[in-house]
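The values are calculated or read from the model by the stated rules, or taken from the named source; none is laboratory data. On a predicted model such as this, the values are computed, not experimentally measured, just so you know. Heads up, the Cβs are rebuilt from the backbone with ideal geometry, glycines too, and the neighbour counts pull from every protein chain shown. Calculation scope for accessible area: heavy atoms of the full protein, side chains included, ligands and nucleic acids excluded. Shrake-Rupley method; radii C 1.70, N 1.55, O 1.52, S 1.80 Å.
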Amino acid sequence: MMKLQNPTLDRLGDFPVVVNLALDILRKVEDHVSQLEAAFGRKRLLKTIFKVGPEAISQHVANHRRIIRNGNWPNEVRPSSFSVFCNEYMRAAIAYATTGFEALDFLAGNSNISIEKMYFRVLCSEALRGQYGKRSPTGLDQRLERTTEDLESCLRSTSDEDAFTEDVNTFCTPITPWLSAEAALLEDFSQLRQHFITPPTIDEILSSDGIPQDVAWNFLRRHVKWNVLGMSRFYSEFSTSEFCCSLNTARAEREKICEKHRQVNKKIAEKSKFGVESEVFSMAREIKVLNQLNLTLEPYYSFKGSPGLPQALVMQEASRLGVCHSYSLDELNAGKWALFHSTNVKEI
Amino acid sequence: METYTQHRLEGRSACIGVATGRPIIIRNQSDLDHVAIGDILVAIETDISYVPAMLRAAAIVTETGGRFCHAAIWAREHRKPTVLQAANATSMLSQVPSVLVDANTGYVEWDTRHE
């Protein structure tokens with residue numbers, strides 16, 4: 001398991017806005033996924049996903065999105081403090097990953113439960129994920145938007161609207177080492193190719209150890225839903241000169257954005273001297289953490305990511321067999337919270 | 001006699017810049033393979049699987065997304081002209097041979113020819 005390095009505060013400028021909490025949450029979820037991989041069997045995992053096939057894998061996000069948008073989901077309004085929200089969000093993400101592996105066991109024919117029961121579990125898992133996601137009135141996206149509007153109200157000056165808008169945009173753009181999933185994809189692929197010059201086979205991945213193995217599994221887990229063919233595709237998609245050029249452009253731009261961040265952080269520090277210090281600091285911290293989770297944990301480990309794939313396949317299988325029972329909101333709500341409370345996670 | 005009608009879509013700029021190119025509408029994963037270097041990638045929203053196509057595209061147009069969306073972050077890191085919230089872009093641009101993406105103003109413009 002790759003160990004993430006905590007960033008040093010000296011890169012953050014005069015007003016440190018600490019986002020280690022986002023990295024801690026991501027690391028906990030990834031550690032949990034890594035343990036689930038080991039328990040399932042890594043060789044078995046790669047071979048199971050290989051059998052799913054590239055077409056089903058490429059279509060699962062669109063299919064899953066349709067189910068989410070057409071469904072009726074029990075989202076409760078749950079105002080909470082920032083720390084409570086983060087811990088609940090993390091717990092929901094871990095529950096979602098766990099259900100993903102239950103679905104994998106089911107699809108691999110290694111489970112005693114019926115398709116009807118597995119389908120209900122997957123629906124409850126999706127309902128729980130949604131409680132903290134985009135559709136929810138107190139989910140991550142709504143919380144991020146509201147907090148940003150509140151921060152804007154505190155910081156907005158009466159002149160130079162364009163500069164102010166650019167400041168907020170800069171503030172919302174992650175800087176090294178906190179990368180978006182897209183930026184991490186390029187950096188992770190760069191590392192992968194250093195250790196595996198040509199697309200590695202399943203056997204080559206399984207027979208590697210140490211850093212090459214960590215790098216390969218990091219890529220498989222985050223970016224291609226354990227699909228070795230998907231990993232190979234990036235070798236052909238990223239032709240060397242074009243890829244290197246884009247990687248260098250992105251790195252150079254992040255350095256510039258980092259400098260702009262220092263300037264914006266200074267402005268926030270100036271404003272916070274006028275009696276709203278703890279409030280502005282809290283809002284800025286919340287925005288940074290939620291934004292980072294939105295740009296990393298969501299694409300890696302939500303319905304678009306690796307645990308989402310087997311759950312989407314269960315839903316498809318249930319549909320194919322004609323066993324998609326229509327559950328009431330109360331039934332889904334009860335199932336969702338039962339899953340939440342049965343997921344044991346040490347709080348951050 | 002040929003006449004031309006100008007069309008324009010308005011959106012929100014995520015990264016300034018101007019680019020002209022062939023719009024490629026992304027409705028499913030297989031459409032991504034059609035994006036060649038210099039094309040304009042047009043989608044409802046983007047996700048991580050779009051990255052190779054986004055590298056090749058000269059500009060990006062999406063129907064949704066705010067300042068926190070992946071397309072916006074990508075745009076700023078790669079200096080790609082990007083327009084978000086261009087309503088109905090995927091349907092309006094589907095038969096258009098060439099568009100101008102002016103991310104300085106947030107407009108996507110094209111002409112249609114009549115004979």
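Of the residues making up the stretch A:28-74, those that are of a type outside the set (V, I, T), more than 14 Å from chain B (Cβ to nearest Cβ), under 24 Å from A:C124 (Cα atoms) and open to solvent by 40 Å² or more (accessible area, probe 1.4 Å) are A:K28, A:D31, A:H32, A:Q35, A:A39, A:N70, A:N72. Taken as a whole, the condition of being open to solvent by less than 30 Å² (accessible area, probe 1.4 Å), in contact (Cβ under 8 Å) with a residue 24 or more places away in the chain and either away from chain B (no Cβ under 14 Å) or not in a helix (DSSP H, G or I) (or both) does not apply to A:P177. Scanning the stretch A:119-154 for residues that are within 14 Å of chain B (Cβ to nearest Cβ), of a type in the set (S, T, Y) and open to solvent by 30 Å² or more (accessible area, probe 1.4 Å) yields a count of 0.
Buried (at least 23 other Cβ atoms within 10 Å of the Cβ), in contact with a His (Cβ under 9 Å, 6 or more places away or on another chain) and closer than 30 Å to A:I287 by Cα, is that true of B:T62? Answer is no for this residue.
For B:I48, state whether it is surrounded by fewer than 20 Cβ atoms within 10 Å (Cβ to Cβ) and within 13 Å of chain A (Cβ to nearest Cβ). No. For the stretch A:235-244, a residue qualifies if it is closer than 12 Å to A:P199 by Cβ and either modelled with pLDDT of 95 or more or open to solvent by less than 10 Å² (accessible area, probe 1.4 Å) (or both), and exactly one does: A:F238.
Filtered by the rule that a residue be out of contact with any helix residue (DSSP H, G or I) (no Cβ under 8 Å at 6 or more places or on another chain) and open to solvent by 40 Å² or more (accessible area, probe 1.4 Å), the stretch B:34-45 gives a lone residue, B:H34.
Determine whether A:A62 is aliphatic (A, V, I, L, M) and touching a residue at least 40 places away in the same chain (Cβ under 8 Å). No.
Which of the residues that make up the stretch A:294-316 are open to solvent by 10 Å² or more (accessible area, probe 1.4 Å) and more than 12 Å from every other protein chain (Cβ to nearest Cβ)? Result: A:L313, A:Q316. Quickly run through the stretch B:1-21 and pick out the residues that are more than 11 Å from chain A (Cβ to nearest Cβ), open to solvent by 40 Å² or more (accessible area, probe 1.4 Å) and within 13 Å of B:V108 (Cβ to Cβ). Hits for the stretch B:1-21 are B:Q6, B:H7, B:R8, B:E10, B:V18, B:T20.
Being in contact with a Gly (Cβ under 6 Å, 6 or more places away or on another chain) and among the basic types (K, R) holds for only one residue in B:R56, B:R12, and it is B:R12.
Looking only at the stretch A:188-246, residues that are in a helix (DSSP H, G or I) and at positive phi come to 1 in all.
Name the residue that is modelled with the lowest pLDDT, counting only residues in the stretch A:43-61 that are part of a helix (DSSP H, G or I) and of a type in the set (G, A, S).
Top of the filtered list is A:S58.
Of the residues making up the stretch A:224-237, those that are of a type outside the set (F, W, Y) and either closer than 15 Å to A:L206 by Cβ or in contact (Cβ under 8 Å) with a residue 40 or more places away in the chain (or both) number 6. In the condition set (1) more than 30 Å from A:S81 (Cα to Cα); (2) among the aliphatic types (A, V, I, L, M); (3) in contact (Cβ under 8 Å) with a residue 24 or more places away in the chain, A:I211 is compliant with all but (3).
Only residues that are within 14 Å of another protein chain (Cβ to nearest Cβ) and open to solvent by 10 Å² or more (accessible area, probe 1.4 Å) were counted in the stretch B:86-115, giving 3. Residue pairs whose Cβ atoms lie under 6 Å apart, sitting 6 or more positions apart in sequence or on different chains, and linking a residue in the stretch B:61-74 that is facing chain A (nearest Cβ under 7 Å) and within 17 Å of A:E253 (Cβ to Cβ) to a partner that is open to solvent by less than 20 Å² (accessible area, probe 1.4 Å) and of a type in the set (S, T, Y), are B:H70/B:T46; B:I73/A:T173; B:I73/A:S180.
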